[in-house]
Every structure is written in C-alpha cells, then in structure tokens.
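The block underneath contains the structure these notes are about, expressed in structure tokens.
The values are calculated or read from the model by the stated rules, or taken from the named source; none is laboratory data. Nothing here was measured: the structure is a model prediction, and the numbers come from that model. Here the Cβ is made from the backbone with ideal geometry for all residues, glycine too, and neighbour counts use every protein chain on show.
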Amino acid sequence: MKDNSNKKIIVLGVGVSGKAVCDVLISKRFYVVVYDSDPNQDFAEIKNRYVGYEYIEYVSGKLSLSHLNGVSLCIISPGISYDNDFVKLIQSEGIDIWSEIELGDVMNKGELCAITGTNGKTTVTTLVGEILKSNFKDVHVCGNIGEPFVKKAVESTKETRTVLEVSSFQLEGIQKFRPKVSCILNLTPDHLDRHKTFENYINTKLAITYNQKEDDFIVINYDDEVLRGLYERGFFTCKVVLYSTNANQIDKIEEGYYLKDKQIFYRSKGNTKDTPGKDKNQGEFLLNVNSLILLGRHNYENVMAAIAVAHLMGVPHDKCVSVALNFKSVEHRIEYVRTRNGVKYYNDSKGTNPDAAIKAIEAIPGNIVLIAGGYDKHSNYTSFISAFGNKVKQLVLMGETADAIEKTAVAMGFTKIVRAKNMKEAVKLATMYSSPGEYVLLSPACASWDMYTSYEERGKDFKQEVNYL
C-alpha cells in the first residue's frame, strides 16, 4: 500500500461524516489530525477505532497555528459552519477546505448522479436508487441519507452507479465535484440561520452543477420560479431536462416530462412518438398518477424527477415506470402510521421547513389536526399558516418556535391553537381534538434539534406515542 504519511490532512468534526473520512484517509495511510472544537472531547471512541495507527493526532478546544503546521488539506463535516473562527483560521493559512462529498468524488470510480433541492430530496434519491437497482448490479444510495458518500466511493468500481442526496451544507465545500446527472428539485428559503440570505442559499445549491460540462445533464423543476428564471436566462451550461405539473407550461417542455389530465408524458426534441388517440406533440405516455401509491401533487413532481434522472443514467422508461408505480413513501415523509377510532395518523417529521409542511398539508385529503414546531431556522411562517385554508382545524404547537408560529397564526386570524410540552402530550392533545374520518399529521415546518438529535428520532417518537394510544 502506498504510504501517504508525509501528507497531513485535518478532519473537522468526529460525527458520522468525520469518522467515515478518517476511516478512508487512514486506510490510505495519510497523516490525520482529528479536530473537535469541544474542549471536553476525549475522542475515546475514535481512539479505540485507530489503536496502533501512528500517523494520527487529536486536537480539541481552541485550534492554533501550531496544529496546522504541515497541513495541506482540510475536510470539513457538513454540520460545521464556515463562520467558525477555527475555519477562518484554516482559510487564512491558504489551506484548501473540502467537503466529504468532494473527497468522495475523488475516490469514486463509477457514474454518479446527485440530487438536491429544499424538499423532496430523500424521496427522489430513494426512488432513483430503486430504479437503478432494477437495471444495474452495483448501486450505492448514500450522502445526506444512508452512509457517507466517501465510505461507498472507496468500494466503487467502473460498474458502480451511485445516487447521492446532497444538502446545501455539503455543497459549500466542493471544488471539482462533478456528477454525470444533477437534479435540483426546488428552491425555497431554508437554513437561513446558516446561509444568512436566500440568495446565498440559492448559490450554494447551484454549486451542484458548476463543474458539469456540455455532455452532462441537469434535471430541473420548471414550475419553480427561481429555476425557471435561471433556465430561461441560459444559466446552465450542460444539457437541461425539464419537468412540470403546470398545464400552462406544457408547450414549453421541449425536452422533459409533464403532467396533463392525471397522466405523465415524456417529450424529447428528437422523438415524436405519440400515444394512440393523442396529438403527435403529446409525447410518450408513461403513467397515470392515480396508479401511484404516493400521495400529493408534489409527489408527482418527485416521480417525474426520479424517472428523468434514472433514464439519463441509462434505465429504459418501462423499468422506471414499473418501479415508480410500486414505490411507497420513505420513512418520516407523509408516512402512514395507523388508523385508530377512524382517525388516520401520518408522520411527516421530515417536513423540516414551511414549504415541506405545506406540501404535506396539501397531500392529506381531509380535515387535519396538525402537530408543528421545533428548532428555529429563522423561517417565515406566513405561507405555512396560509396553507391551512379550511383543512387544518386545530394546531398543536411544541418546541422553541411555538411562540413565533402562534404569533403569525393569530395575526392571520387562526386561533385554534394549543401547546404541548413534549411529543407524548402533543399526540394526546391531537387525538382529543380529532374525529373519525379526520387526520392527525406531524409536519413540524421546523428542524428537530431543539428537542431531538434528528428528524428521524422525532418521527420515531411520534410513531411510538401513536402506537401507545
């Protein structure tokens, strides 16, 4: 094995991503400096992981210039903001800072597609993965879901097809990262506590396509105002494939997918294939959305995006459609939990911003008792409350954003609000306010970090409390 011990790399953070990076670097025999800003971090777990490895050192608390002596590269965990003083110190020394996905891209040997956007990433990434598995033997689904990309990249071969869910945090530290197919699902304000402005957030998301060339592809949602504007201004340098659920946009889809009369069609510039009894410009009929298991118009968008990405990765349309028709919602995204006394309970813990929660409200086909609230990402809740319409009959609030959401709701005339201290109390209150034929929906419109370590933990708590009823 090649000895890289003369090449010193600092790894920021010892979470899941940081440990995966350390595993890979140590397997390649690099000299690794592991850093955590917590002065009480003893690195016990990671030290046990690398017992006997001589080219490693551990630094906690304040980072100084002496710790950077000889360091040529920094790998940053996605949870670490570039606003931190220790990151600025590293930047001031002219040391390149890579995200974990940049390192993964360097290690990857197969073909890669990458999916980002404010909402729908996990559903689309998972569905693309299932479609690719129907056509290829070696498929990795990783990134912002599952295992870190770098861990799977070192296992890849030329035959590997990788589907990567990418967050804005991961895209902050890329330089040459280049997927064969990229996809941006939508862009609405999110993570403004970190990105400060919506413009900054947009620019970070767009980084997914910055290194793509003319023979690469990007799939974009033509219904998204920001993305449509960029496309019409010729922003994208690679080949663009569009999708739309807006009937008014159909004629503008020269290359892509669209929804018309509950049916999804594919139209391409070089293909005038028509469906019997249809106009020749209609394109190729793929499926009727009434045959899908997934609920809601946003999921019709997700299905079109997934089929587009998978098709560009080499999967025939018939296989794409077959998998899509049998695909169920991912865990924590409008996930059916149980029916009790005629009331249906749905877990949408992954609704971590107002726009995601709006999509869940729109997808539920009846009256809703809504559980919301959580960690404050400096979101605006006006559109969230507006989406209640006549569907949300009662709002149960919890978490640190409860005050902000209630203030907005009351100002907009919605006053059917109660507070809960925890999930157990929230579920009991929601059950009390619901009636047979109605729905209890957990869709927080906020992140989970005020009360939970992740949206998964929050969703599991909700499901547990529902099943205890």
If you check residue 163 against the conditions, is it of a type in the set (Val, Ile, Thr), over 24 Å from residue 75 (Cα atoms) and surrounded by 21 or more Cβ atoms within 10 Å (Cβ to Cβ)? no
For the stretch 29-42 the number of residues that are under 29 Å from the mean Cα position of the chain (by Cα) and either crowded, with 17+ Cβ neighbours inside 10 Å or not assigned by TED's automatic domain parsing to the domain that holds residue 13 (or both) is 4
Inspect the stretch 438-453 for any residue being among the aromatic types (Phe, Trp, Tyr), surrounded by fewer than 22 Cβ atoms within 10 Å (Cβ to Cβ) and either closer than 20 Å to residue 375 by Cα or not assigned by TED's automatic domain parsing to the domain that holds residue 373 (or both) and give the result as yes or no. yes
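When the stretch 142-165 is examined, which residues are found to be in contact with a helix residue (DSSP H, G or I) (Cβ under 6 Å, 6 or more places away or on another chain), within 14 Å of residue 103 (Cβ to Cβ) and of a type outside the set (Phe, Trp, Tyr)? Show your work before the answer.
Residues of the stretch 142-165 in contact with a helix residue (DSSP H, G or I) (Cβ under 6 Å, 6 or more places away or on another chain): 142-143, 145, 148-151, 153-154, 161, 163-165.
Subset that is within 14 Å of residue 103 (Cβ to Cβ): 142-143, 148-151, 153-154, 164.
Scanning the stretch 142-165 gives 142, 143, 148, 150, 151, 153, 154, 164.
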Here are some residues: 139, 150, 154. Which one is hydrophobic (A, V, I, L, M, F, W, C) and either closer than 23 Å to residue 204 by Cβ or not assigned by TED's automatic domain parsing to the domain that holds residue 236 (or both)? 150
Filtering strands (runs of 3 or more DSSP E) wholly in the stretch 351-441 for at least 1 residues that are within 23 Å of the chain's Cα centre (by Cα) gives 368-372
Filtered residue count, the stretch 124-143, keeping only those that are farther than 23 Å from residue 300 by Cβ and either polar (S, T, N, Q) or modelled with pLDDT under 95 (or both): 1
Filter the stretch 1-29 for residues that are assigned to a strand (DSSP E or B) and farther than 17 Å from residue 90 by Cβ; the one that is modelled with the highest pLDDT is 6
Please work out which residue is modelled with the highest pLDDT, limiting yourself to the stretch 335-360 and to residues that are among the β-branched types (Val, Ile, Thr) and more than 8 Å from residue 443 (Cα to Cα). 343
Looking for whichever is touching a strand residue (DSSP E or B) at 6+ places or on another chain (Cβ under 7 Å) and either part of a helix (DSSP H, G or I) or not assigned by TED's automatic domain parsing to the domain that holds residue 262 (or both) here; the options are 208, 202, 174. Which one fits? 208
Tell me whether the stretch 316-331 contains one or more residues that are modelled with pLDDT under 95, of a type in the set (Gly, Ala, Ser) and not in a helix (DSSP H, G or I). yes
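Keeping to the stretch 389-413, report how many residues are of a type in the set (Lys, Arg) and surrounded by 15 or more Cβ atoms within 10 Å (Cβ to Cβ).
So the count comes out to 2.
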Specify which of the listed residues (386, 349, 379) is under 30 Å from residue 133 (Cα atoms) and either crowded, with 22+ Cβ neighbours inside 10 Å or outside the structural domain of residue 293 (by TED's automatic domain parsing) (or both). 349
Result of the Cβ filter at 6 Å on the stretch 216-245, keeping first residues that are assigned by TED's automatic domain parsing to the domain that holds residue 311 and in contact (Cβ under 8 Å) with a residue 12 or more places away in the chain and partners that are in a loop (DSSP other than H, G, I, E, B) and acidic (Asp, Glu), at least 6 apart or interchain, is 238/216; 241/255; 244/223
Hey, could you check the stretch 291-313 for residues that are not in a loop (DSSP other than H, G, I, E, B) and either not assigned by TED's automatic domain parsing to the domain that holds residue 119 or not hydrophobic (A, V, I, L, M, F, W, C) (or both) and say which is modelled with the highest pLDDT? 311
Restricting attention to the stretch 58-75, does a residue exist that is out of contact with any strand residue (DSSP E or B) (no Cβ under 7 Å at 6 or more places or on another chain), within 18 Å of residue 16 (Cα to Cα) and not in a helix (DSSP H, G or I)? no
Looking only at the stretch 97-107, filter to residues that are in contact with a helix residue (DSSP H, G or I) (Cβ under 7 Å, 6 or more places away or on another chain) and surrounded by fewer than 24 Cβ atoms within 10 Å (Cβ to Cβ); which one of those is nearest to residue 84 (Cα to Cα)? 97
Hey, can you tell me all the residues within the stretch 226-263 that are among the β-branched types (Val, Ile, Thr) and in a helix (DSSP H, G or I)? 226, 250
